[in-house]
Amino acid sequence: MTAVLDSEVMTPATKRRSWRKNPWRKPVVLEAFTWAYLVWSIVPIVIAVIFSFNNGKSDSSWEGFSTRWYWGSTTNSVFENPVFRSAIEQTLRLAIISTILTMIVGVAFGIGIHRWRSKTSVTFNFVMVFSYVIPELIFGIAFFFVFTQLFTFVDLGTSAQILGLVTWNISWPAIIIFARLSSIGPAYEEAAADLGCSRLQSLRRVLLPMLMPAIFASTVLVFATCVDDFVICNLLSSSANTEPMSVFIYSSTHGGQSGPQLNALASLMLLFSLVAAAVGFLGYRWITRGERGAGRSQALESITGL
């Protein structure tokens, strides 16, 4: 009797009836929602990128394909206009320097918090999620008062922006390194110690190579975050020369200026983020090429710190 019922449940007719009763058994509806969200979020970006190649100055009327807003015009192209070029250079300057400093401090912070076992370690573990608890606007305003009222030797501008970005993004490498260390466990370091390695040698020869995928993923995330950061860079900027692309685009549109040249500048921001994401995925696949089962799911798990 049980076998008959099992065979009846597995028949195609029974499956079709089950699908009609509960459409969520198959991911058709979920896939539809996913595709609808992707189209809704990607199409406006694609349109903005397309109009950055518009031959005319309109943002609503297509007048032919042209690259004049990227190069070829000394007054309007983003690569030849000194104002636009200054915004690009400031963006890359802040992103590169902030990423390097964030990774140095964040990796050390993640390793230190993982090894710290005391009554106060739980309190300092909360610092790792500091940027996820406090809104970025409040954080930026707080740092503005810190640099204008307390640490007045730090001038507003590039230095203040870098310090703000490093402090804000330090949670990314700390959390990811902490999660990676929790999954690795102490067995490898203990084995290295049994073989005669000192703590520094086991850290340099054993632990850091095993942390490289997490370090690489953290670097990509921090760089992409610094490229498009607006709140901290805006609050801690001192002049137009210290405005990155995000602040420059906002200032221009807020002042009533628009046009394909701003679309071109925004497209470059998008390009930087996409290149960072692509480099991160390909780099992770290359670093973990010798591990069993390395694939997309493991790359995403490492990036998210799971």
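Since every read-out is calculated from the coordinates, none of them should be taken as a lab result. Note that the structure is predicted; figures quoted are calculated from it, not measured. Quick reminder, even Gly has a Cβ in these numbers, built from the backbone with ideal geometry, and neighbours come from all protein chains shown.
By the count of neighbouring beta-carbon atoms within 10 Å, fewest first, ASP228, ASP155 end up ordered ASP155, ASP228. Rounded to the nearest whole Hz, the Karplus-based 3J(HN,Hα) values (6.51 cos²θ - 1.76 cosθ + 1.60, θ = phi - 60°) of region 213-219 follow the sequence x, 5, 5, 5, 4, 5, 4, with x at glycine and proline. Packing, as the average of other Cβ atoms within 10 Å across residues, places the peptides 31-43, 159-171 in the order 159-171, 31-43, highest first.
Sorted from fewest to most neighbouring beta carbons within 10 Å, what does the list LEU268, LEU282 look like?
Numbers: LEU268 20, LEU282 11.
Fewest to most other Cβ atoms nearby, the residues stand as LEU282, LEU268.
With a simple spin-label model that places each label point 7 Å from the Cα along the Cα-to-Cβ direction, the separation between VAL46 and ARG204 comes to 5.2 nm.
The HN-Hα couplings worked out from phi for region 264-281 by the Karplus form 6.51 cos²θ - 1.76 cosθ + 1.60 (θ = phi - 60°) are 5, 5, 5, 5, 5, 4, 4, 5, 4, 5, 5, 5, 4, 5, 5, 5, x, 5 Hz, whole numbers, x standing for Gly and Pro.
Just so you know, the averaged projected area of the alpha carbon convex hull for region 130-284 sits at 12.1 nm². The H on the amide N of TYR70, modeled in the peptide plane, is under 5 Å from the matching H of VAL78, each at least 5 residues off or on a different chain.
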